[in-house]
Structure formats: structure tokens, C-alpha cells
Amino acid sequence: MTGDDTSKLRRAMWAVLMGGLLAFAGLWTADPVAAQVLDRVEIVETPTAAEIHIVFNARALYLRHTPSQQGDLVRIFLDFPDLDRSIRFPRELAASPPSDLIPKFTVTFPDHGTNGLSIHFAKPVRFRVSQRDIRSSSRIVISVKLDKQALPSPLPQEIEAPPAMPPSATGPKQSFEVPPFSPGMDAEPYAADLMKLGRQALNVGENEKALQIFNALLNLPPNKQSQAAQEWVGVARQRNREHVKAKAEYELYLKLYPKGEDAVRVQGRLTALQETIDQLAQAKASRPAKKIDEMRVYGSLYSYYYGGYSQTTTTDKVANSTTNVHSHDQSLWQSSFDVTGRYRKNEYDNKVVARGTYSDNLLALDDSRRNISRLRALYYEHASQDSYFVRVGRQPGNTGGVLDFRFDGAWLRYVAVPQFFNVNLVAGQPRQFSLTPNFVPDDPRNFRADLKRYFYGVNVDIGPIGQAWNSNLYYINQMNNGVVDRRAVGTELRYAANGKNAFSLIDYDVSYNVLNIAMLNGTWVTEETTYTLLLDHRKTPYLQTTNALFGTPGATFETINTANESLLREQAKAVTATSDLFLAGVLHTVAKDWQLGGDVRLNRISGTGATNCLLIVPGTSVLFLNPNATSDAPCSLQALPGTGNIWTYTAQVIGTKFPFENTTLVANASYISSPAYRAQSLTINSLARFGPQLQIDGFVLLYHQKDSFGVELYRATPTIRMNYRFFDDWTFEASGGLEKTLTDSSTQKDSTSRQFFYFGLRCPEKSRQHICREDAQGGVQNEERAPRHWPAWHAQKTRCGW
């Protein structure tokens, strides 16, 4: 087959793929249903780690995770302050995109018995967990440590260890775990022990362990070992091939200890290290570029059935009567797909991505509510390595000042300085899907042509600076029918180094002269303890002129026009509340297999002012003030009181290998205090893994609440779940439970029993992969691959060029 024929064939295949996806999307309507909280999973490569980005459609606050740094099952505990905690989120699953960097993994949300998530890797990995982008959505990032890459030959000459202390003789294999430092201990002998232990770890090639030990030593108050440790940590990083970070450690040494023979020696090491870095850069630049010609189609699909039955007994204490009601309250099929087609040609990368969900409510009385489809993403992207990036279509938002979950439009990135400075242009129309089943948006049909509401903006990415800092500065302007909807400037700032992670965001609306968001989130992970801090101040929802439609009956986007602008802006400010949130948490390893933690949360939402009670002149889009605003209740939202301070105190214990091997126990106890109610809850979750295929876990929730009117609520919910994997990547999952609720007041008593269950199947959508690569010597590596569980005759060798 000639090169022209090959090119035509590839273009035809992409045309068929795009046409099929667009045709499939065209069959859909996007009538709303309870939206998915989990949005997507991405893999982003950095020089030292592969980052797994797990993105949510709502604010998710990171609380803690287990295990701390290594394992094949990671459980991350979250809180969703903007969502009703009484709602059970639907089951959501995601498989890992293809990657040669890290083992395959699956993401499950919610993790059984919690509002957290679990990530199950095919084999144990070393990782770090952090949080980013806490706006109207959130991004949890799991950085997986990459294996060391092969270096060009010949290798630069390795440096010798500092002569500050003579090396110890290598003895039998020993543990290099950092011993605990208890309050009241003398830091000097403890630091000396760490220095000896770190030196021994280096002598036997345990560079990672040595690095952890020296970092622990440097985290102590200043002591006699601090100066030597600062040099040793540079050596450990250099031996671990972290040359840039080793350079930073040596530079810090010279800044702290600029004089003396030791400084002269470290300066010599720094000079030699810079030569090594230059040699590596020159060797990399001189290597011939590897030629790549690769096409893949991959993704995942799942389908679940949810069922539920309830029985309620209501006793009227005044009339002395009893009523019994039995109902079949849930019968729902829900399916989801996530498909990516990717074609790479040398430095060029092309993708077509489609994601969607479909729900069939078998109990719905209204056909318009029975079959609910939602196109979450359908976009094409093209990128040139270290040059530019273009994405067009329905795509994820929440970046560069775009605060909506997703938008229809375009995103263009120009790489001005590779790996340091990017310029981004973005434009499109917001597409919001509500998290409540009763919300009806204007008309979110797929790619509907409506230019009345649109936005455009520019932002720049800066960093990394000093291998730890990154930032983004943005300007965004959003219009609606000629009226400014939102016009804002903002900045994002991120820091990540040595177990410390921080993310901050400021968003200021220059049209309203209002601070929309100001927040700071940070985590600090040490050998045995994880600290979490969150400060968050924001408008809820974020301020925009369309907020005024919340309290105007029959309003549409047509109602927003220049004639109504002043009324609408005042209305928008009146109905937009302010939210404040503070959270401080800690998780500490108290024994080899046990962790103890807790957090304190304070959140409050302000009241809203009395609105103007707007009405629409019949037959027009003109607004006017209702003269009966105080007496016409259906007219509009009236002044709503704030929540006051809501305090939540939570304690958590996590035990691994308890009560048996391959089991995990998680217990939480919480106390909630607010002006409206007091509540206590206890949850116990036990997870058992029977080999790589079968997992069974049980969950029990006990909850009690008493409000300011004396109404008491008791609830008990035991649940069990089974997860079975087969064909390597296929998973069958089933769960069932019972919820018993008792509500008691001075006039009425309600007792409800509800049985609920679900079962479903998730599987990969794998297609063949055609890979044609030419190595540095011009040799061809060429094959067509099929999934491992397909019959062997599906795999076949082909010639390069198809």
C-alpha cells in the first residue's frame, strides 16, 4: 500500500469515527437528571511522576487518605459542602487511560460507606495525594512516582559522598524506616541516629529511603547534624538521579552556610553537577527524534440497575390514627460510556473524545422524564509537542476563569517558552448540568446554536518556578444578550515540594466590584502524619447577572436585555449568598497498621436580602417591580436567613490488616452543632479482599438528629457490597442494604423501612492498536495489538504503512 493510500485510509477512518460520534450525539436530547459528581480521569506526565487527575463536577474537599505513600488500593476521604449530605450519590466508575508510565487502575466513586473514592492499581505504586482547583469543581491529584529512566551512555561520573562522617560497613539487610519522634525526646541524639541511618541507607543503595531520612532530619529544630544533613540530602537526590532537585539542595546549602571548607566542597559539587546536567541536556538534544505512527481507540462502558422498596407507618398523635404506605420507589437503569480515539504522528497528537450517560427511570409517569441522556463531552483536539494545542467541541471547563463545569467552544494554547510560559485563548458557551433532578435548564441540547450567552478570555500559565511554584493569571468576559453576565480577573497559585502542597485562587468580578472567590488549600505529608488546611470565602453561586432569574417566574435568557440591566444586576446581588468554610484536619500513624485522625469544620452561608420581586410584562421580555412584593408569596424569593455557624467535629480510625490479612477497617464518629439542629453519627466500614478478583465490604451508619423544634430523627443503615473481576478488566458489582428511619415529634411519629440494591457490569471498550515506530537507527517496530482476553488469532503482525 502506498503512502498516499495509507494517508487516505487514515483520514477515512477518522471521518467515520467523528461522523459516528456526531450522529450518535445527534440522537440525544440533554434533558436533565441528577448529574454525575465524578466527571473524568486524566493522566498527565511530569518529569518525575505521572499525575492521575480525578475531576469532580462539584466542590470536593480532601480530608485524608490511606495508605500514606505506597500500596495498590488508595482510599481518599472527601466532603462535598455544597451538596445535600443525605443524598446517596449514584455509582460512578472510571478506568485508566492507556499509559506506559503507570500500572492500570480503576476509580470507584463513591467508595462504599463514604463520600470518598478508591483507586485500585494492578500492582503497588509509590504515590502522593494533593488537591487542586477548588472552585465550582475540584481536582484530586495522585502523583505516582516514575521508575528511573535509562540514561545515555557513557554516564557522567558519579560524585562521592560527603566526607563529613565516615561510611559504616555494610551489614545484613535492615529496615530504613524513620523511627518515631515523640514529644519530650532530646533532638540531638535522635538527629545523630537519623544521620547514621541515612548514611547506611546510601551505602546499600537505598537512595529513596536515605532521602526520606535526611528530610526527616531537616524537619527537626536546628541541631548539630543540620548542616551535614543539608549536604547529604543533595547527595541522596543526585544518586537518585534527581539532578535538578539536587542542584536546588546544594544552592540552599550555600545560602545557609556560605563560608568554610565545607562550603568550598559543596560549591565544587554544584559545579560538577551543573556539568552533568549540561551533558545530559546535550545528549538528549543530540539523540535522533524517535519516529512514531500510532493509532488507538480505547475507553470504558458500564451499566447499572438501581431498585428500591419502602414501607412507611405514620401515627397521628392528635387524631390517634395510623396510616401505612408501601411503595416501589426506585427502578432505574443507568449507563455511561467514555471513548477516546487517538492518532499520533511524530510530534503531533490528535484525539477525539466522547463521554455520555443515559438513564431510564422505569417509574416515571412523564415520558419526558423517563429517558434522560446527557452528552458530557464531545471534542477534537490537536497538539504539537512544545508548540501549540487546540481543542474544539463540548469540553471540560473550570480552568482559566471558566467557572462552569463544561462549555461548547474552543481552547487554544501557544507555548511561548517550553515548560515555563503558555498563552491560552478560550471562547464558547457555558453548558451547566444541575445536580438536582428537578432543575430544568434553559435548553442544553447538544451544540444548540444560541449566541446570546457566550464568553471569551485569555490566561497565561507560568512555571514551574524553582521546581515548586506554578501560577495562572486570567481575564474572562461573559455576555448575555448584550448585558455583562460576568467580567472577572483572577489568579491561581500552586506549590508542591517535599510533601507540601498548596493551592490558592482569587477571582474578582470587575463589573460588580465583588470578590467572587478567595481560597487557600494546603496539605503537608510527613513520614507518619498528614496535615490538611482549607480557608474558603466565596459567592454561592458565583455572582453573575443570570442569578437574577432565580426569583423571576417564567424568566428565560430572553429576559436579560439592556433595558432590564439595572434591575437585573440589583436582583442578582440580592439573591447571591456568601459562603465561608474553614477546615483543619490531621491523620497520624500511631502503629504499623493503624492511623488515627480527625478534623474540625466551620461553615456558614449568609442570608439573602429582600429581592425586588420582579415580574415580566405579559407578552414582552420587559421586567417591572411587583407592588405586592411583601404579600405575593409565589412572586419571588424573599429574604432568606443565613445558616449561622455550623460546627462539625469528626474523629476517624483506620486499621489495615484488621481483623485479618487483606482487610481494612475505617470508623468515623461526628458531632454537628448548628442553630437549627444537633446531630451525631457513627459509621463503620470493613473491606476484605480475597485475592485479585473478589472484594467484599460491609458498611453500617448510625445517625441521630434533634432540631430546634424538638423533632428527633434516628436512622440505621447496614449495607453490603460485592465486587468481582474477570477477563482481566471486566467487573461485576452488586450491593444491597436496609435503611430504618424513625422521626418523632410532639404531634406525629413516622417509621420507614427501605430496602435498596443495585447491580451492574463495567467493562473496557478496547479496540486494536496499530503502532508503527522507527527507532533511532531507522529500524521499524510494527505491530497490531488486541486486548489480552481476546483469542490469540486476533493479534497479527502487519507491515509498516498498513
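Structural remarks
- Residue pairs, from the table 500/592; 104/291; 209/291, whose Cα atoms sit over 29 Å apart: 209/291
- As a ratio to 2.2 N^0.38 Å, the alpha-carbon radius of gyration computed for segment 310-395 takes the value 2.06.
- Residue 325 contributes about 80 Å² of solvent-accessible surface, heavy atoms of the protein only, 1.4 Å probe.
- Computed accessible area, residue 392, all protein chains, 1.4 angstrom probe, square angstrom: 80 Å²
- Residues 681, 674 ordered from highest to lowest accessible area at a 1.4 Å probe: 681, 674.
- Mean accessible surface per residue for segment 334-383, computed with a 1.4 Å probe while every protein chain stays in place, in Å²: 40 Å²
- Estimated vicinal HN-Hα couplings, Hz - segment 691-696 in sequence order (Karplus 6.51, -1.76, 1.60; Gly, Pro = x): x, x, 9, 10, 9, 10
- Close amide H contacts of residue 453 (hydrogens built in the peptide plane, cut-off under 5 Å, sequence separation of 5 or more or a different chain): 481.
- Judged by the mean number of other Cβ atoms found within 10 Å, the most tightly packed of the peptides 414-424, 729-739 leads the ranking 729-739, 414-424.
- Computed over segment 177-263, Kirkwood Rh from alpha-carbon pairs, angstrom: 13.1 Å
- Accessible surface area normalised per residue over segment 468-572 is 36 Å², counting heavy atoms of protein chains with a 1.4 Å rolling probe.
- Binning the alpha carbon pair distances of segment 471-567 at 5 angstrom intervals from zero yields the distribution 3, 11, 18, 16, 13, 11, 9, 7, 5, 4, 2, 1, 0, expressed in whole percent.
The values are calculated or read from the model by the stated rules, or taken from the named source; none is laboratory data. From a predicted model like this one, the values you see are computed outputs, not experimental measurements. Virtual Cβ from ideal backbone geometry, glycine too; neighbours counted across all protein chains shown. Ligands, DNA and RNA are excluded from the accessible area calculation, which covers all protein heavy atoms including side chains. Shrake-Rupley method; radii C 1.70, N 1.55, O 1.52, S 1.80 Å.
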